[in-house]
Amino acid sequence: MRIGSDEHKELFCRTFVDSFLPFEPAELPWPQLDDLALARLRAIPIWAMALDTEASAGRMLAGFAKSEPDALVRQALELQGYEEDRHGRLLAHLVERYGLDATVTPQPENPTRRAFIDFGYNECVDSFAGFGIFKLACDAQILPTALTSIFTRVLVEEARHIVFFVNWIAWDRARRGYAYPALQAPAVLLGYGGAIARRAGMGAQFGGAPNAAPSTGAELNLFADVLDGLTAERFITACLRENDRYMRDFDPRLLRPRVIPALARAALWVLPIVEKLRAPAKPSPAGTTAAKP
Ligand SMILES: [Fe+2]
Ligand SMILES: [Fe+2]
């Protein structure tokens with residue numbers, strides 16, 4: 001199958017549309033939470049940002065889909081818009097039910113191809129990190145399984161979204177005359193570079209905002225289970241394993257996001273070398289002499 005062909009378009013659109021899962025957020029089995037679970041949920045600082053991102057993505061996709069001349073691609077874009085809006089409704093239900101702090105300021109509409117592309121690359125970065133964070137949080141049981149199992153469907157949908165996006169953009173660039181990988185590479189690298197820079201900017205914003213992140217020892221203690229023994233290597237390994245697991249089920253002829261997993265694998269290779277290089281620089285305990293190798 002040639003990437004960018006009609007056969008490719010049929011496959012990535014049909015794969016996405018046919019795997020739609022019908023559900024209504026308010027009808028899901030939301031559990032009663034004990035005080036510790038509620039405190040942990042309320043200390044997570046991302047609810048307002050997540051709610052805003054999902055709801056505005058739904059509106060952006062609904063608007064952008066109208067500009068798509070191909071009926072099948074338009075149907076798939078509309079469906080993704082519906083699913084993003086449903087993620088927003090699911091988060092709104094969570095916020096209301098458990099009394100979380102999430103005040104959202106509506107963002108201006110921007111239903112353009114550029115906005116969808118930026119959003120798609122953002123999702124490739126966010127989903128990769130989200131797969132690992134979710135797995136580590138589930139393993140550490142920081143929230144009851146009855147609640148985390150509700151979010152499993154969101155992660156499955158995000159996996160479908162990023163696979164749809166990387167196939168859509170390869171097909172879209174091909175129809176614009178940029179079918180060869182060498183012609184697409186600069187735009188791909190710029191896309192991921194922009195997404196990483198936007199995420200780094202958001203991280204800095206979270207770190208600097210007075211009320212945006214857990215800022216007290218008491219709040220951090222709520223997550224001691226998951227933070228205990230957490231290293232960069234363990235986090236990246238969890239992201240890679242989970243990413244591989246989500247990607248395994250898609251048709252082998254479809255493209256998968258490759259850049260972020262490749263960077264993560266490179267980081268796993270580089271981190272031990274950096275650690276080794278830094279080790280001799282560590283001051284030896286007072287009065288002792290560093291052992292010779
Ligand atoms: Fe979403
Ligand atoms: Fe998504």
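Derivation of every value follows stated rules applied to the coordinates shown; laboratory data play no part. A quick note: this is a predicted structure, and the numbers were derived from the prediction, not measured. Every residue, glycine as well, gets a Cβ built from its backbone with ideal geometry; the counts of neighbours run over all protein chains shown.
Brief remarks follow.
- Couplings 3J(HN,Hα) for segment 256-268, derived from phi with the Karplus relation 6.51 cos²θ - 1.76 cosθ + 1.60 (θ = phi - 60°), are 10, x, 10, 5, 5, x, 5, 5, 5, 5, 5, 5, 5 Hz, where x marks Gly and Pro.
- Over segment 1-100, equivalent-ellipsoid semi-axes from the Cα gyration tensor in Å: 34, 14, 11
- With respect to the chain, whose longest principal axis is taken over its alpha-carbon atoms, helix 71-98 is tilted by about 40°.
- √(5λ) per eigenvalue of the Cα gyration tensor, the chain, largest first, Å: 35, 27, 17
- Across segment 137-151, computed HN-Hα scalar couplings (Karplus, 6.51 cos²θ - 1.76 cosθ + 1.60, θ = phi - 60°) run 5, 5, 4, 7, 6, 6, 10, x, 4, 4, 8, 5, 5, 5, 7 Hz from first to last residue, x flagging Gly and Pro.
- Applying the criteria of a DSSP loop state and at most 10 other Cβ atoms within 10 Å to the trypsin sites (Lys or Arg not before Pro) of segment 143-180 yields Arg176.
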